[in-house]
Amino acid sequence: MSAVQQRGSLTQVELAGVTGLSPATISNIVKELAGAGVLSTAPTSRSGRRALQVTLARNLGLVAGIHFGSRSLRVAVADTAHQIIAEQRMPLPPDHRADAGMERAALLLTELVEQVDAPLEELLAVGVGVPAPVDVRTGRVSALGLLRGWEGFSVSEELTQRLGVAVHVDNDANLGALAEARVGAASGFQHVVYIRVSHGVGAGLILNGQVFHGRSGTVGEIGHLTVEDHGPICRCGSRGCLEMYVGASLLLDMLTTSHGNLTLPEAIHLAQNGDLGCRRVISDAGQHLGVAAASICNFIDPELLVIGGELAQAGDLLLDPIRAVLGRRSIPSFDGPVGVVASALGSQAEVRGALLLAMDHAKIAAPMGGGL
Amino acid sequence: MAPSDLPDDAWRAGAPARPVLALRGVSKSFGAVRALVGVDLEVHAHEVLAIVGDNGAGKSTLVEILSGAQVPDAGHVEVDGEEVTFTSPGAARAQGIATVFQELALCENLDVVENLFLGNELERGPLLDEVTMERRAWEVLGQLAVRVPSVRVPVGALSGGQRQAVAVARSLLGEPRVVILDEPTAALGVMQTAEVLNLVERLRERGLAVILISQSLADVHAVADRIAVLRLGRTNGLFSASTTTYEDLFAAVTGVRTGHHRPADGDPPTASHDASGGWAR
């Protein structure tokens, strides 16, 4: 059952593959759990053969995912079959504060749950992603100086009080990595590096199929890798950090004299339509990312590199320069350079990861007793 | 919204052109009350300009002048660099300036289509062209990504955010270039506020100039490109939203600190808030 809980839905045959049990055993277990109302089954087909799709029954409750970005908030409610049934996005001011953020997230979530005609008690667990390092044991923002007004703030404590349900917190890049590895571009891979580039830049690591958290959650803060010793001073106090070369506001600043006020989606759209200035800015960002990515790949040797965040919408305009630099700077291997792909879940990756995190922690009780 | 969904003509590449709408040294008094004193403002296509201020800062008078409901005592309004005089809201609309007032002016008992086309019904021979109107209604609501259950439900049955969206949609039917939203998030819940803020972003993406008047600094800061602070009828600073802190804005609203752009009494109003990037930070 936990296999179904992790993946949302899969066929009996796939279930046998994942769990290592024999198809006959799986069939019996599924039949029993379906009888108890925990699982529901539907006929489907896989490569032309008849198969039985297994999902968790819908009436088992809801999970919620919340993603605080640098400039937006996204809240989604899903059923236990991983279907998102309600979602809302909201733009946030720069430097938004933790207390106001908690208030908005809690209210939005309450309204979304109401919208699907469910009482708040049906909520089994909530997953939250924040754009800063998080100590996952305490749910506290652990880094200093990266997210003004959030340092040491316990997101899980604050939200648990408001919502009365267990809240689990992680860094947003970690959650994006989790989502891409489970249900996105990197599904089926064991060692994945996910780099998220929007207003800031961060990475999530999947090692042996698990999110790697390190000591206190500051793993993957690649925004502050030095790419230029004599570069501009960064908010972290160091010089020439990666973020100073690929962060959205820096890219847009480079375009203001020639293009006026642009937003990132607009710059990407222009680049895709052949605007030379926008193409240049995006390809330079790709080169800088490639430098950082090469170091990571030399160190971790992942099976796949997934690029997410708003800038990944630029597709190959961003990915090709990354691939080129990786080819030059990473250790040559018989298997060729590591694959670089764009996120499959796009702007939803982080909130999907938050839903997966909630789902992993949700205790699903069978309505008639007897979980597995 | 994926960039590929955007209309190609919504883009205005190249250096910032002249403003679509501008106020030059506008003053307005009501008896002893100096509602506006030498106010300069400009808004460009493809830009969200927010105007914030305390009660009595002159926000409402400003909206009335921009929308043609009031005529300034001194100074003038420019559209595309040409001086214009609006004698009525209709005259402003004819110049492509649409205003959505706080009261929205929707008829609760009429459905969405009837509200959108109220007074401008499409006709087909002696009858109303319901089919075309309904199609246009879905079109314009679709452009704004507004979720309404049906265009045939009475507006009274919609949420605050949806009503705001219907009122904005109605203003868009006239193909305006500037949309002025007066306190669009006042009295809305957080969910409706989210919808309205997303709506503002979409208007901007369509290449429109948006003027957003609000008391809520957080809402304004989330979507604006530039923020003008009004205090006691004067502009007390013009800020670039992405580089300004909440504290700076708050200080300008309350008068603790002033922005760089505050012409003293008697000084000629300066036009220092041009596109050269020299805004107060």
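Just how large is the dipole of the range A:191-279 about the Cα centre, in debye to the nearest 20, putting +1 at every Lys and Arg Cβ and -1 at every Asp and Glu Cβ?
Values: 5 positive and 7 negative charges, 51 e Å.
The dipole of the range A:191-279 has a size of about 240 debye.
Each residue, A:Glu114 and A:Gln287, gets one label point 7 Å from its Cα in the Cβ direction; the gap between the two is 5.3 nm. Modelled spin-label separation between B:Glu247 and A:Arg235, with each label point placed 7 Å from Cα along the Cα-to-Cβ direction: 1.4 nm.
Only helices reaching 27 angstrom along their own axis (Cα) with mean Kyte-Doolittle hydropathy no lower than 0.5 count here, and for the DSSP H runs of chain A these are A:276-300. Pair-distance distribution of the range B:92-193: all C-alpha pairs, bin width 10 Å, starting at 0; shares per bin in whole percent are 15, 48, 31, 5, 0.
Roughly what percent of Cα-Cα pairs across the range B:130-180 reach past 13 Å?
Roughly 57 percent, rounded to a whole number.
Dipole magnitude for the protein assembly as shown: about 1160 debye, using +1 per Lys or Arg Cβ and -1 per Asp or Glu Cβ, origin at the Cα centre.
Note on chain A: Rg/Rh from Cα positions, Kirkwood definition for Rh, rounded to two decimals, is 0.99.
Magnitude of the Cβ-charge dipole of the range A:61-175, K/R +1 and D/E -1, about the Cα centre, nearest 20 debye?
That gives a dipole near 420 debye.
Taken residue by residue and averaged, Cβ atoms of other chains lying within 10 Å of the Cβ of A:255-262 number 6.
Were the residues from A:Arg329 through A:Glu32 laid out at 0.36 nm apart, the gain over their Cα-Cα distance would be 101.5 nm.
For B:Glu103, B:Glu195, the sequence from fewest to most other C-beta atoms within 10 Å is B:Glu103, B:Glu195. Partners of B:Lys28 within straight-line reach, counting lysines whose Cα lies under 17 Å from its Cα and excluding those fewer than 8 residues away in the same chain: B:Lys59.
Value of Rg to Rh for chain B, rounded to two decimals, is 0.97; Kirkwood radius and Rg both from alpha-carbon coordinates.
Between the C-alpha center of the range A:109-143 and that of the range B:164-223 there is a gap of 28 Å. Neighbours of B:Gly119 by Cβ distance under 13 Å: Lys/Arg scored +1, Asp/Glu scored -1, total -1. Pop the C-beta distance of A:Gln210 and A:Thr44 into the FRET formula with R0 = 35 Å and round what comes out to the nearest 0.05. After rounding, the FRET efficiency stands at 0.75. Candidates A:Leu357, A:Ala342, A:Gly286 compared by Cα position along the dipole of the range A:276-372: farthest toward the positive end lies A:Gly286, with charges placed on Cβ. Considering the zone a paramagnetic label at A:Asp320 would reach in this model (a point 7 Å from Cα along the Cα-to-Cβ line), which residues of the range A:277-306 have amide N under 17 Å from it? Answer for this model: A:277-290.
Rg and Dmax over the alpha-carbon atoms of the protein assembly as shown stand at 26.8, 91 Å.
The A:Phe189 and A:Ala3 beta-carbon pair, evaluated with R₀ = 22 Å, returns a calculated FRET efficiency of approximately 0.80. Within the range A:61-175, all pairs of alpha-carbon atoms sorted by distance into 10 Å bins from zero give the percentages 15, 51, 29, 5, 0.
No value in this document is a laboratory result; all are computed from the given coordinates. The structure displayed is predicted, hence computed values, not measured ones. Reconstructed Cβ throughout: ideal geometry from the backbone, glycine too, with neighbour counts over all protein chains shown.
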